[in-house]
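Report on one structure; see the data block that follows.
The values are calculated or read from the model by the stated rules, or taken from the named source; none is laboratory data. All figures in this text were calculated on a predicted structure; none of them were measured in a lab. Ideal geometry is used to build each Cβ from the backbone, glycine not excepted, and the neighbour counts take in all protein chains shown. These accessible areas exclude ligands, DNA and RNA; they are computed on the full protein's heavy atoms, side chains included. Shrake-Rupley method; radii C 1.70, N 1.55, O 1.52, S 1.80 Å.
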Amino acid sequence: MTRRVRRKVAKKGKDDAVSLSYLEIEVEDLGLERNGDVDWTSLPDDTVIQLFSCLNYRDRASLSSTCKTWRVLGASQCLWSSLDLRAHKFDTATATSLASRCVYLQKLRFRGAESADAIIQLQAKNLREISGDYCRKVTDATLSVIVARHEALESLQLGPDFCERITGDAIKAIALCCPKLKKLRLSGIKDVYADAINALAKHCPNLVDIGFLDCLNVDEAALENVSSVRFLSVAGTSNMKWDVVSHLWHKLPKLIGLDVSRTDIGSAAISRLLSSSLSLKVLCALNCPVLEEETSISTTKTIGKLLLALFSDIFRELSSLFAETSNKGRNVFLDWRCSKNKDKNLNEIMTWLEWILSHTLLRTAESNPQGLDNFWLKQGAALLLSLMQSSQEDVQERAATGLATFVVIDDENASIDRGRAEAVMRDGGIRLLLNLAKSWHEGLQSEAAKALANLSVNANVAKAVAEEGGINILATLARSMNRLVAEEAAGGLWNLSVGEEHKAAIAEAGGVKALVDLIFKWSSGGDGVLERAAGALANLAADDKCSMEVAIAGGVHALVMLARNCKFEGVQEQAARALANLASHGDSNSNNAAVGQEAGALEALVQLTRSPHEGVRQEAAGALWNLSFDDRNREAIAAAGGVEALVTLAQSCSNASPGLQERAAGALWGLSDVHETAAGALWNLAFNHSNALRIVEEGGVPALVHLCSSSLSKMARFMAALALAYMFDGRIDEFAPMSSSSESTSKSVSLDGARRMALKHIEAFIRTFSNPQAFAAAAASSAPAALAQVTEKARIQEAGHLRCSGAEIGRFVLMLRNSSSILKACAAFALLQFTIPGGRHAVHHASLMQGGGAARVLRAAAAAATSPIEAKIFARIVLRNLEHHHQVEPSI
């Protein structure tokens with residue numbers, strides 16, 4: 001019995017790159033099915049090994065742990081011939097645990113000094129290739145131990161970042177310990193002195209590829225002694241004596257390729273090298289400013305030799321290496337990869353060219369020199385896209401990183417060059433990048449996602465990415481267990497989510513859940529991934545439907561966690577912005593209330609308003625502004641110290657951006673209702689003497705004093721002053737319950753202290769509405785203009801909406817006879833507010849006062865010698881108001 005099985009297999013494409021495809025094959029019934037279930041443990045060993053080979057190391061280890069059979073197969077020699085540890089924490093303990101599987105390890109990639117220190121614990125004595133990056137802290141001692149333990153080493157590459165702590169001493173150790181060395185590429189060495197180079201010449205007879213890139217000093221004369229070298233790069237190296245180089249290096253008998261890119265070489269040295277060297281085939285001199293200024297070199301023709309420079313047609317020059325006329329134009333690399341050419345020398349040249357071009361283009365993109373727009377548009381972008389299809393993984397990575405880098409013209413403001421981005425899109429770059437992103441190589445996934453993220457800043461490219469299925473791919477990568485991959489994927493979703501048309505697609509692809517999960521997964525030690533995830537969620541939360549998705553996925557809790565615990569300002573800013581957007585939808589959803597009810601949310605936002613970073617302060621204030629539209633949130637924000645924090649922020653941001661000023665003012669405006677509600681409630685309660693006494697006993701006086709003196713709401717301060725006036729106009733003393741002598745004395749002292757505090761702040765409040773010059777003019781003249789000036793200064797617009805009962809009006813009229821001059825002034829001020837013409841209830845209040853005989857009391861207060869000037873002037877204004885309402889006869 002036979003049946004069709006459709007399964008994934010790895011196969012090589014035209015460029016020898018491994019890809020996944022589906023094959024339908026006829027197989028015999030292997031008895032895999034048991035009662036309708038599939039028994040995966042019965043798969044043939046070679047099938048399982050093939051499956052393992054398509055997984056990354058983490059997934060491979062997880063799958064190996066499922067059963068004893070797969071554990072044995074998972075340790076097969078063919079699965080552990082190479083190891084890429086760059087994305088993993090690799091220390092001594094990890095190395096020791098892997099040692100048993102690394103007996104036959106031949107190729108290793110690592111990142112950082114800690115990983116370098118642990119390499120020897122792998123006990124991989126058969127190691128042939130070592131490649132490391134982020135090696136700034138790797139020392140001579142570490143490198144010397146590594147090479148001493150791996151005598152079979154054939155290739156050593158450290159870079160492209162500078163190896164600042166490695167010297168010529170380590171190079172001598174390499175020469176002495178690694179006699180089989182064929183390739184040595186080191187970046188950023190300060191001094192590659194003669195003894196080190198001579199040691200390589202003496203002890204490494206097979207050394208054919210040397211790269212001393214971005215070094216400070218290299219002994220030019222000593223390099224002549226390395227007669228075995230076929231490919232030599234000194235790209236980016238300074239202090240080179242080109243006259244010495246041109247007179248000596250042409251003598252190297254086997255030198256085929258020379259790379260002097262990014263140096264100050266001139267046309268004379270170039271011409272001499274091309275004309276004098278018998279073996280030299282290719283001379284790469286990209287981004288050499290001195291050479292490019294000397295246009296004479298562009299007309300120099302040396303038969304059979306290539307000069308690759310910014311002013312040359314690089315694709316055409318490369319095509320001339322091939323005898324076949326079909327190898328022309330921009331497909332030269334692709335045609336070479338697909339050809340059946342068995343010319344070993346040509347294959348070595350093209351392989352080397354891929355490596356040095358990817359390195360130089362990346363370095364040039366990073367430095368972003370002026371005047372290269374034409375090169376990038378006509379050749380550079382196409383070169384990077386072509387190199388992205390290389391069979392060399394490190395070349396693919398650098399090409400993708402180069403694409404991510406060369407489009408950026410302002411990293412701080414995330415600005416990209418539109419022309420460069422669209423050039424990538426026109427040449428099919430989006431599809432190439434998405435294919436790389438689907439690779440099982442995590443290094444390629446990370447760099448491809450980074451390029452897609454940067455390119456998607458351009459709206460047209462973002463549209464193309466979405467149409468090509470990029471959103472689903474990035475959402476999948478965001479779930480990666482590799483932090484670097486997840487970080488770049490989150491960055492891609494962040495930029496794509498700027499477009500309103502992409503938000504729903506991101507949510508449908510599971511992007512919201514993936515982003516929220518990233519925050520929980522990397523809550524510590526992953527500032528980059530957290531900022532990108534929070535930024536993407538902030539954009540998505542601006543959409544009503546997506547904001548609900550964010551909340552359902554646990555986004556509120558995740559974002560509040562970031563706002564509370566993360567110390568990185570970029571994460572804080574994006575988390576606050578996301579919370580602000582979640583709370584911005586008003587009554588259309590319940591997110592505003594949900595954010596306010598999340599434990600610690602409001603306290604965290606209040607704390608962020610004190611951040612030293614303006615962006616964080618702005619977004620936190622914006623979040624509080626949006627949250628203040630909910631009654632419960634207003635009260636909670638005030639209780640968390642939000643008012644004081646926002647007042648401080650508003651006072652300190654006079655020179656800040658308009659956005660920060662607007663949000664600070666808006667939040668304070670939203671919170672002003674809290675103070676007015678609280679002050680109004682206490683004013684109403686304080687009318688009753690029992691309530692007034694309870695407020696004093698419960699510590700309410702300091703709270704009212706705080707409102708009276710600090711609130712930005714005039715109405716809140718006004719009602720707080722009236723509540724204090726009610727409490728200390730004498731009613732409490734009349735109705736206070738009888739108690740023992742000692743208790744009475746204690747309460748008396750307490751009330752006296754509270755009274756003094758209250759009266760002091762009532763007086764200060766009244767004086768904020770006083771203008772000494774206007775008061776003096778009004779005292780000297782009864783002219784309407786003088787009183788109108790005082791009224792304008794004293795008026796509280798919102799007080800015109802208050803409606804008082806007859807008992808309340810009578811209370812203030814009676815207060816005009818109080819022995820306290822402060823309370824007299826307060827009563828007159830209150831009656832002024834209640835009777836100003838145009839007030840909603842002014843006529844009603846005037847009628848109540850007429851019925852209560854208030855005019856007589858007002859005249860007495862205005863004429864009393866003992867009354868403060870505020871009480872006198874305010875009383876005269878109230879009388880004028882009453883006249884306006886025709887409630888009393890004109891006064892003399």
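In summary, strands (runs of 3 or more DSSP E) completely within the range 177-238 and bearing 2 or more residues that are closer than 22 Å to R165 by Cβ occur at 183-187, 209-213.
What about A381, is it at negative phi, part of a helix (DSSP H, G or I) and open to solvent by less than 10 Å² (accessible area, probe 1.4 Å)? Yes. M481 meets the conditions (1) in a loop (DSSP other than H, G, I, E, B); (2) aliphatic (A, V, I, L, M); (3) closer than 21 Å to W376 by Cα in every case but one. The failed one is (3).
The set of residues in the range 322-364 that are buried (at least 16 other Cβ atoms within 10 Å of the Cβ), in a helix (DSSP H, G or I), at pLDDT below 95 and in contact with a helix residue (DSSP H, G or I) (Cβ under 6 Å, 6 or more places away or on another chain) comprises R330, V332, F333, W336. For G810, all conditions in the list (1) open to solvent by 30 Å² or more (accessible area, probe 1.4 Å); (2) closer than 15 Å to M727 by Cα hold save one; what is the number of the exception? Among (1) open to solvent by 30 Å² or more (accessible area, probe 1.4 Å); (2) closer than 15 Å to M727 by Cα, G810 violates only (2).
Here's the yes/no breakdown for (1) surrounded by fewer than 20 Cβ atoms within 10 Å (Cβ to Cβ); (2) touching a Leu at 6+ places or on another chain (Cβ under 7 Å); (3) touching a residue at least 40 places away in the same chain (Cβ under 8 Å):
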| site | (1), (2), (3) |
| --- | --- |
| L474 | no, yes, no |
| E487 | no, no, yes |
| E508 | yes, no, no |
| G511 | no, yes, yes |
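L627 meets each of the listed conditions (1) over 21 Å from H706 (Cα atoms); (2) touching a residue at least 40 places away in the same chain (Cβ under 8 Å); (3) surrounded by fewer than 22 Cβ atoms within 10 Å (Cβ to Cβ) apart from (3).
The set of residues in the range 580-605 that are surrounded by 24 or more Cβ atoms within 10 Å (Cβ to Cβ) and of a type in the set (A, V, I, L, M, F, W, C) comprises A580, L582, A583, V595, A601, L602, A604, L605.
Would you please name the residue that is nearest to S750 (Cα to Cα), looking only at residues in the range 685-706 that are small (G, A, S) and within 49 Å of the chain's Cα centre (by Cα)? Per the criteria, the residue is G699. Every condition in (1) within 29 Å of the chain's Cα centre (by Cα); (2) in a loop (DSSP other than H, G, I, E, B); (3) of a type in the set (A, V, I, L, M) is met by I303 except one, and the failing one is (1). Scanning the range 96-134 for residues that are part of a loop (DSSP other than H, G, I, E, B), out of contact with any Gly (no Cβ under 8 Å at 6 or more places or on another chain), open to solvent by 60 Å² or more (accessible area, probe 1.4 Å) and not basic (K, R) gives V103, Y104, Q106, Q123, N126.
If you check A504 against the conditions, is it assigned to a helix (DSSP H, G or I) and more than 12 Å from the chain's Cα centre (by Cα)? Against the criterion (assigned to a helix (DSSP H, G or I) and more than 12 Å from the chain's Cα centre (by Cα)), A504 qualifies. Counting the residues of the range 169-195 that are open to solvent by less than 30 Å² (accessible area, probe 1.4 Å) and either in contact with a Lys or Arg (Cβ under 9 Å, 6 or more places away or on another chain) or of a type outside the set (G, A, S) (or both) gives 11. Where helices (runs of 4 or more DSSP H) fall entirely within the range 555-621, those with at least 2 residues that are under 15 Å from the mean Cα position of the chain (by Cα) are at 555-565, 569-582.
Does L559 fit the bill of being closer than 30 Å to L432 by Cβ and open to solvent by less than 40 Å² (accessible area, probe 1.4 Å)? No, not satisfied. In the set L882, L832, only one residue is in the same structural domain as E792 (by the TED database), modelled with pLDDT of 90 or more and over 22 Å from Y726 (Cβ atoms); that residue is L882. Kindly indicate the residue of the range 655-668 that is free of Cβ contacts under 8 Å to residues at least 12 places away in the same chain and part of a helix (DSSP H, G or I) and also surrounded by the fewest Cβ atoms within 10 Å (Cβ to Cβ) among those meeting that condition. Result: P658.
Yes or no: the range 537-545 includes at least one residue that is over 20 Å from T401 (Cα atoms), open to solvent by less than 20 Å² (accessible area, probe 1.4 Å) and at pLDDT below 95. The answer is no; no qualifying residue exists.
When the range 395-439 is limited to residues that are touching a strand residue (DSSP E or B) at 6+ places or on another chain (Cβ under 7 Å) and not β-branched (V, I, T), the one that is surrounded by the fewest Cβ atoms within 10 Å (Cβ to Cβ) turns out to be S415.
Please work out if L83 is within 38 Å of the chain's Cα centre (by Cα), modelled with pLDDT under 85 and of a type outside the set (S, T, N, Q).
No; evaluated as a whole, the condition is false for this residue.
Determine whether W249 is buried (at least 22 other Cβ atoms within 10 Å of the Cβ), among the hydrophobic types (A, V, I, L, M, F, W, C) and without any contact (Cβ under 8 Å) to a residue 60 or more places away in the chain. Criteria met by W249.
H884 meets all of the listed conditions (1) touching a residue at least 12 places away in the same chain (Cβ under 8 Å); (2) open to solvent by 10 Å² or more (accessible area, probe 1.4 Å); (3) within 22 Å of R731 (Cα to Cα) but one, namely (3).
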